[in-house]
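Quick note: the coordinates plus some simple rules give every number you see, no bench work behind them. These figures come from a predicted structure and were not determined experimentally. Neighbour counts are summed over all protein chains in view; Cβ atoms, including those assigned to glycine, are modelled from backbone coordinates with ideal geometry.
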Amino acid sequence: MPLHELARLILIPPEKELTLESLMGLLVHQRVFAKCEGGYLLTPISEMMLSEGANMGAFVCFATEPSPEQLLFTSKWFKDTGKGTVFQLAHNGKQAWEVLKEKPELGNLANNAMSSHSKEFVRILVAKYPEIFEGINNLVDVGGGTGSTVKIIADSFPNLRCTVFDLPHVVDNALNNDSISVVGGDMFDKIPPADTILLKTVLHDWSDEDCIRILKKCKEAIDSTINNGKVIVVEMVLDAETDDSKETETKLIYNLCLLFFFG
């Protein structure tokens, strides 16, 4: 696509095309786009941002949307003796979940971000490790958002009954069909009974003490149905010994962002 056509489509005025060209030069160097004789082409990275594809653009937008504001408070947070997070310092003591609930636009962006991330990740999970889901009858996805994770699982294992469990205002927009049930509630109070509980990228949002509380609630939910249930925990693991340099860098940045957001 020629530069002038790109500028027209994203509503950049002609007098700013030179700056846009400089920006595209940086993005080409970072392999987000490729330069060709007629202009610019998509690369595997930018193809993942397409709404009709992996739609990881929502995840990138959510990861970067609150970041500049938070970074301004980082130095102050390090010198502060309080126990809150950088996010709380930047938002008058409010936790991330409170702000997402108060700001529907940001909350919807968060849901779309988690949905796009889940789709790609869970497709790999069920394809490479199907044995994880063998021999179970019902599964509750705790913090399941709008249900994108359990939809892929339910489609892959038609005999498995799945439940999306999340805060009421989150599951209002969740999938609900013959193979998927939707339950609103608080995981610190009670988790719906099942022989398998899925915690995908949930525990990293909470302190060690809160993680223990969540896992105890999982145990209660499983104990009420079967003696040999299981909890499936899906998290990113830092391993500098086996990961390559770029992978380690990405994980370290992600880990720091989570600490700023959730502590």
Can you tell me how much longer the chain between Leu23 and Glu220 gets when fully stretched, taken as 0.36 nm per residue apart minus their C-alpha distance, in nm with one decimal?
65.6 nm
Where a ≥ b ≥ c are root eigenvalues of the Cα gyration tensor, a/c under 1.5 meaning rounded, otherwise prolate if a/b exceeds b/c and oblate otherwise, the range 129-177 counts as prolate
How much length is gained on full extension from Cys61 to Arg123, taking 0.36 nm per residue of separation minus their Cα-Cα distance?
20.1 nm
If Lys and Arg each add +1 and Asp and Glu each add -1, what is the summed charge of the other residues whose beta carbon sits under 14 Å from the beta carbon of Phe262?
-4
FRET efficiency for His4 and Glu249, using Cβ-Cβ distance with R0 set to 51 Å, rounded to 0.05:
0.90
Checked against the positive end of the charge dipole of the range 62-234 (+1 on Cβ of Lys and Arg, -1 on Cβ of Asp and Glu, about the Cα centre), the farthest of Pro130, Ala194, Asn108 is Pro130
For the chain, longest principal axis from Cα atoms; helix 104-128 axis from its Cα atoms; angle between them, nearest 10 degrees, is 70 degrees
Table column - 3J(HN,Hα) (Hz), the range 91-98, Karplus curve with 6.51, -1.76, 1.60, x for Gly and Pro
10, 6, x, 7, 7, 4, 5, 5
Summing Lys, Arg as +1 and Asp, Glu as -1, what charge do residues with Cβ under 11 Å from the Cβ of Tyr40 carry, Tyr40 excluded?
-2
Surrounding charge for Pro168, neighbours by C-beta under 13 angstrom, Lys/Arg +1, Asp/Glu -1, total -3
From the Cα centre of the range 70-121 to that of the range 1-64, the distance in Å is 27 Å
Can you give the charge dipole size of the range 3-47 about its Cα centre, rounded to the nearest 20 debye, using +1 on the beta carbon of Lys and Arg and -1 on the beta carbon of Asp and Glu?
120 debye
Calculate one ³J(HN,Hα) per residue across the range 245-258 by plugging θ = phi - 60° into the Karplus curve 6.51 cos²θ - 1.76 cosθ + 1.60, and present them in order as whole Hz with x for glycine and proline.
4, 5, 5, 5, 4, 4, 5, 5, 5, 4, 4, 5, 4, 5
Dipole-positive endmost among Asn92, Gly144, Thr43 within the chain (Cβ charges, Cα centre):
Asn92
Whole-Hz Karplus couplings 3J(HN,Hα) for the range 191-203, θ = phi - 60° and coefficients 6.51, -1.76, 1.60, Gly and Pro as x, run 10, x, x, 6, 8, 9, 10, 9, 10, 9, 6, 10, 4
Cβ-placed point charges (K, R +1; D, E -1), dipole of the range 62-234 about Cα centre in debye, nearest 20
240 debye
What is the fewest-to-most order of Leu203, Leu3 by other Cβ atoms lying within 10 Å of their Cβ?
Leu3, Leu203
Starting from the Cα of Val233, step 7 Å along the direction of its Cβ; do the same at Asp208; then give the gap between the two resulting points in nm.
1.2 nm
Of Lys79/Lys103; Lys16/Lys119; Lys119/Lys251; Lys190/Lys230; Lys79/Lys101; Lys35/Lys119, pairs whose Cα-Cα distance is over 25 Å
Lys79/Lys103; Lys16/Lys119; Lys79/Lys101; Lys35/Lys119
What list do you get for Ser116, Ser181 if you sort them by fewest beta carbons within 10 Å?
Ser181, Ser116
Which angle from 0 to 90°, rounded to the nearest 10, does the C-alpha axis of helix 17-29 make with the longest principal axis of the chain?
50 degrees
